[in-house]
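To start, the structure itself, in C-alpha coordinates.
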Amino acid sequence: MSDGALSEAMALRIAREMPLLALEDVVGRVGFERFQDAELDPLVTETQLAVLEGKTDLVWSRQELLERWMQLRWGAHGHHSMVMSDALARTARSTELQGYNCDDVTVRGRTLHVPVPPVAGITLPDATGRDWPVADMLIASEGDGQQWCVLLEAPGDTPQQQTVAAIRIDWPAGVSVGEALDRFDKEAAPGVDWRAAWRWILGVMLARQPPPAQA
(Lines give C-alpha, C1' and ligand atoms only; values in the text may rest on other atoms or scores of the structure.)
Protein backbone atom coordinates (compact mmCIF):
# COMPACT_ATOMS: atom_id res chain seq x y z
CA MET A 1 0.00 0.00 0.00
CA SER A 2 3.04 2.28 -0.28
CA ASP A 3 1.59 3.73 -3.49
CA GLY A 4 -1.70 4.51 -1.78
CA ALA A 5 -3.61 1.68 -3.44
CA LEU A 6 -5.89 -0.54 -1.36
CA SER A 7 -5.01 -4.19 -1.07
CA GLU A 8 -7.65 -6.67 -2.21
CA ALA A 9 -8.26 -7.79 1.37
CA MET A 10 -8.72 -4.21 2.61
CA ALA A 11 -11.05 -3.37 -0.28
CA LEU A 12 -13.20 -6.41 0.53
CA ARG A 13 -13.28 -5.47 4.20
CA ILE A 14 -14.49 -1.97 3.38
CA ALA A 15 -17.08 -3.30 0.94
CA ARG A 16 -18.49 -5.73 3.51
CA GLU A 17 -18.74 -2.98 6.11
CA MET A 18 -20.85 -0.68 3.93
CA PRO A 19 -24.09 -2.76 4.10
CA LEU A 20 -23.67 -2.83 7.89
CA LEU A 21 -23.49 0.96 7.99
CA ALA A 22 -26.59 1.09 5.80
CA LEU A 23 -28.34 -1.26 8.23
CA GLU A 24 -27.54 1.01 11.15
CA ASP A 25 -29.18 3.90 9.30
CA VAL A 26 -32.24 1.79 8.46
CA VAL A 27 -32.98 0.48 11.97
CA GLY A 28 -33.53 4.03 13.16
CA ARG A 29 -36.43 4.17 10.71
CA VAL A 30 -37.90 0.65 10.70
CA GLY A 31 -37.01 -0.44 14.27
CA PHE A 32 -36.08 -3.87 15.54
CA GLU A 33 -39.29 -5.88 15.39
CA ARG A 34 -38.38 -7.87 12.26
CA PHE A 35 -34.92 -8.40 10.86
CA GLN A 36 -36.39 -8.90 7.39
CA ASP A 37 -37.76 -5.34 7.37
CA ALA A 38 -34.24 -3.99 7.82
CA GLU A 39 -32.52 -6.55 5.61
CA LEU A 40 -34.83 -5.89 2.63
CA ASP A 41 -34.88 -2.12 2.95
CA PRO A 42 -33.83 -0.59 -0.39
CA LEU A 43 -30.91 1.25 1.20
CA VAL A 44 -29.43 -2.06 2.39
CA THR A 45 -30.13 -4.11 -0.72
CA GLU A 46 -28.90 -1.41 -3.10
CA THR A 47 -25.73 -1.00 -1.05
CA GLN A 48 -25.10 -4.75 -1.21
CA LEU A 49 -25.56 -4.81 -4.98
CA ALA A 50 -23.23 -1.84 -5.38
CA VAL A 51 -20.31 -3.14 -3.34
CA LEU A 52 -20.51 -6.94 -3.20
CA GLU A 53 -19.82 -9.53 -5.86
CA GLY A 54 -21.19 -13.03 -6.17
CA LYS A 55 -23.47 -15.26 -4.15
CA THR A 56 -20.82 -16.08 -1.54
CA ASP A 57 -20.36 -12.42 -0.62
CA LEU A 58 -24.13 -11.98 -0.30
CA VAL A 59 -24.41 -15.01 2.00
CA TRP A 60 -21.68 -13.65 4.26
CA SER A 61 -23.26 -10.21 4.16
CA ARG A 62 -26.61 -11.57 5.33
CA GLN A 63 -24.90 -13.35 8.24
CA GLU A 64 -23.10 -10.16 9.21
CA LEU A 65 -26.30 -8.11 8.90
CA LEU A 66 -28.14 -10.45 11.26
CA GLU A 67 -25.23 -10.35 13.70
CA ARG A 68 -25.13 -6.54 13.72
CA TRP A 69 -28.94 -6.25 13.92
CA MET A 70 -29.04 -8.46 17.00
CA GLN A 71 -26.23 -6.55 18.69
CA LEU A 72 -28.02 -3.27 18.05
CA ARG A 73 -31.34 -4.75 19.21
CA TRP A 74 -29.80 -6.00 22.46
CA GLY A 75 -28.45 -2.54 23.20
CA ALA A 76 -31.78 -0.89 22.38
CA HIS A 77 -33.80 -3.33 24.53
CA GLY A 78 -31.97 -2.81 27.79
CA HIS A 79 -28.95 -5.15 27.85
CA HIS A 80 -30.85 -8.04 29.48
CA SER A 81 -28.60 -10.91 30.56
CA MET A 82 -29.11 -14.23 32.32
CA VAL A 83 -26.88 -15.61 35.06
CA MET A 84 -25.90 -19.15 34.07
CA SER A 85 -24.67 -21.70 36.59
CA ASP A 86 -22.59 -24.75 35.64
CA ALA A 87 -25.32 -26.95 37.09
CA LEU A 88 -28.00 -25.48 34.81
CA ALA A 89 -25.62 -25.61 31.85
CA ARG A 90 -25.11 -29.34 32.42
CA THR A 91 -28.82 -30.02 32.92
CA ALA A 92 -29.78 -28.15 29.74
CA ARG A 93 -27.59 -30.51 27.68
CA SER A 94 -30.02 -33.37 28.32
CA THR A 95 -33.28 -31.50 27.76
CA GLU A 96 -36.03 -33.85 26.52
CA LEU A 97 -37.62 -32.26 23.45
CA GLN A 98 -40.44 -34.75 22.96
CA GLY A 99 -43.88 -33.59 24.05
CA TYR A 100 -43.26 -29.86 23.64
CA ASN A 101 -44.58 -27.60 20.94
CA CYS A 102 -43.45 -24.13 19.97
CA ASP A 103 -46.07 -22.50 22.21
CA ASP A 104 -44.42 -24.05 25.28
CA VAL A 105 -41.04 -22.39 24.78
CA THR A 106 -40.92 -18.67 24.07
CA VAL A 107 -38.63 -15.67 24.19
CA ARG A 108 -40.64 -12.90 25.75
CA GLY A 109 -40.24 -10.22 23.11
CA ARG A 110 -36.74 -9.04 23.99
CA THR A 111 -33.17 -9.96 23.28
CA LEU A 112 -31.51 -12.04 25.99
CA HIS A 113 -27.76 -12.39 26.46
CA VAL A 114 -26.64 -15.73 27.89
CA PRO A 115 -23.00 -16.30 28.91
CA VAL A 116 -22.29 -19.94 27.99
CA PRO A 117 -20.11 -21.95 30.42
CA PRO A 118 -17.64 -24.41 28.89
CA VAL A 119 -19.56 -27.32 30.46
CA ALA A 120 -22.42 -26.59 28.01
CA GLY A 121 -20.32 -28.31 25.36
CA ILE A 122 -21.50 -26.12 22.45
CA THR A 123 -18.83 -25.44 19.83
CA LEU A 124 -18.38 -23.66 16.51
CA PRO A 125 -15.81 -24.64 13.87
CA ASP A 126 -13.45 -22.05 12.46
CA ALA A 127 -12.35 -21.85 8.83
CA THR A 128 -9.87 -24.70 9.38
CA GLY A 129 -12.44 -26.98 11.01
CA ARG A 130 -11.08 -26.55 14.53
CA ASP A 131 -13.87 -26.40 17.15
CA TRP A 132 -14.07 -23.55 19.65
CA PRO A 133 -16.35 -23.49 22.75
CA VAL A 134 -19.20 -21.00 22.48
CA ALA A 135 -18.85 -18.39 25.22
CA ASP A 136 -21.72 -16.00 24.51
CA MET A 137 -25.19 -16.24 23.03
CA LEU A 138 -27.89 -13.72 22.13
CA ILE A 139 -31.44 -15.03 21.80
CA ALA A 140 -34.41 -13.03 20.50
CA SER A 141 -37.85 -13.52 19.03
CA GLU A 142 -39.64 -11.54 16.36
CA GLY A 143 -43.01 -11.60 14.67
CA ASP A 144 -44.87 -12.37 17.94
CA GLY A 145 -42.57 -15.31 18.53
CA GLN A 146 -42.99 -16.78 15.05
CA GLN A 147 -39.23 -16.64 14.43
CA TRP A 148 -36.24 -16.90 16.71
CA CYS A 149 -32.85 -15.37 16.09
CA VAL A 150 -29.76 -16.73 17.83
CA LEU A 151 -26.23 -15.35 17.75
CA LEU A 152 -23.41 -17.64 18.93
CA GLU A 153 -19.91 -16.31 19.58
CA ALA A 154 -16.83 -18.47 20.19
CA PRO A 155 -13.52 -16.69 20.94
CA GLY A 156 -10.35 -18.11 19.39
CA ASP A 157 -6.73 -17.63 20.33
CA THR A 158 -6.93 -13.97 19.30
CA PRO A 159 -9.81 -11.48 18.81
CA GLN A 160 -9.31 -11.78 15.05
CA GLN A 161 -10.02 -15.52 15.26
CA GLN A 162 -13.45 -15.17 16.89
CA THR A 163 -16.03 -17.45 15.25
CA VAL A 164 -19.61 -16.23 14.98
CA ALA A 165 -22.81 -17.90 13.79
CA ALA A 166 -26.04 -15.94 13.40
CA ILE A 167 -29.09 -18.11 12.71
CA ARG A 168 -32.87 -17.81 12.41
CA ILE A 169 -35.48 -20.51 12.88
CA ASP A 170 -39.22 -20.53 12.17
CA TRP A 171 -41.07 -21.13 15.44
CA PRO A 172 -44.76 -21.22 14.46
CA ALA A 173 -47.52 -21.69 17.00
CA GLY A 174 -49.05 -25.15 17.17
CA VAL A 175 -46.03 -26.91 15.64
CA SER A 176 -44.02 -29.42 17.63
CA VAL A 177 -40.50 -28.48 18.66
CA GLY A 178 -39.21 -31.56 16.83
CA GLU A 179 -40.86 -30.54 13.57
CA ALA A 180 -39.50 -26.98 13.82
CA LEU A 181 -35.99 -28.34 14.36
CA ASP A 182 -36.35 -30.82 11.48
CA ARG A 183 -37.24 -27.95 9.16
CA PHE A 184 -34.25 -25.96 10.43
CA ASP A 185 -31.85 -28.89 9.91
CA LYS A 186 -32.54 -28.85 6.17
CA GLU A 187 -31.03 -25.36 5.84
CA ALA A 188 -28.52 -25.28 8.71
CA ALA A 189 -24.87 -24.53 8.14
CA PRO A 190 -22.66 -27.64 8.10
CA GLY A 191 -20.08 -28.42 10.75
CA VAL A 192 -22.20 -27.59 13.80
CA ASP A 193 -24.21 -30.00 15.94
CA TRP A 194 -27.28 -27.79 15.79
CA ARG A 195 -29.57 -30.38 17.36
CA ALA A 196 -27.41 -30.37 20.51
CA ALA A 197 -27.20 -26.58 20.43
CA TRP A 198 -30.97 -26.21 20.17
CA ARG A 199 -31.47 -28.79 22.92
CA TRP A 200 -29.31 -26.64 25.19
CA ILE A 201 -30.97 -23.37 24.18
CA LEU A 202 -34.43 -24.81 24.84
CA GLY A 203 -33.27 -26.16 28.19
CA VAL A 204 -32.19 -22.66 29.14
CA MET A 205 -35.50 -21.16 28.01
CA LEU A 206 -37.53 -23.79 29.87
CA ALA A 207 -35.56 -23.05 33.03
CA ARG A 208 -36.57 -19.39 32.73
CA GLN A 209 -40.20 -20.16 31.87
CA PRO A 210 -41.48 -23.56 33.03
CA PRO A 211 -43.88 -24.99 30.44
CA PRO A 212 -47.46 -25.99 31.21
CA ALA A 213 -47.86 -29.36 32.92
CA GLN A 214 -47.71 -32.15 30.37
CA ALA A 215 -50.66 -34.51 30.15
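Values as computed for the structure displayed
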read-out	value
Whole-number accessible area per residue in Å² for region 124-173, which is evaluated in the context of all protein chains at 1.4 Å	44 Å²
Table column - 3J(HN,Hα) (Hz), region 32-49, Karplus curve with 6.51, -1.76, 1.60, x for Gly and Pro	10, 6, 9, 4, 4, 4, 6, 4, 9, 4, x, 4, 6, 5, 5, 5, 4, 5
Residue-normalised accessible area of region 1-108, given per residue in Å² at a 1.4 Å probe	61 Å²
Accessible carbon and sulfur surface of the chain relative to its total accessible area, %, 1.4 Å	52 percent
Residue with peak Gaussian network fluctuation, the chain [Cα springs, cutoff 10 Å], from Met137, Met70, Met82	Met82
Helix-only CD estimate at 222 nm, as mean residue ellipticity for the chain, using -39500 (n - 2.57) per DSSP H run (n ≥ 4)	-13500 deg cm²/dmol
Calculated Rg and Dmax of the Cα atoms in Å (choose from (i) 18.4, 73; (ii) 15.7, 45; (iii) 20.6, 73), label	(i)
FRET efficiency, 1/(1 + (r/R0)^6) with R0 25 Å, evaluated for Ser85 and Thr128 via beta carbons	0.15
Amide proton proximity set for Asp103, modelled H, under 5 Å, gap of 5+	Gly174, Val175
Gain on full stretching of the segment that runs from Gln146 to Arg16 - 0.36 nm per residue minus C-alpha separation	43.9 nm
For Leu124, residues with placed amide H under 5 Å, excluding near neighbours	Trp132, Val134
Amide H partners (placed H, <5 Å) of Val116, local residues excluded	Asp136, Met137
Burial ranking of peptide ranges 62-68, 197-203, 41-47 (average Cβ count within 10 Å, highest at the top)	197-203, 62-68, 41-47
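The values are calculated or read from the model by the stated rules, or taken from the named source; none is laboratory data. Keep in mind that this is a model prediction, so the values were computed, not measured. So basically every Cβ, Gly included, is an ideal-geometry build from the backbone, and we count neighbours across all protein chains shown. These accessible areas exclude ligands, DNA and RNA; they are computed on the full protein's heavy atoms, side chains included. Shrake-Rupley method; radii C 1.70, N 1.55, O 1.52, S 1.80 Å.
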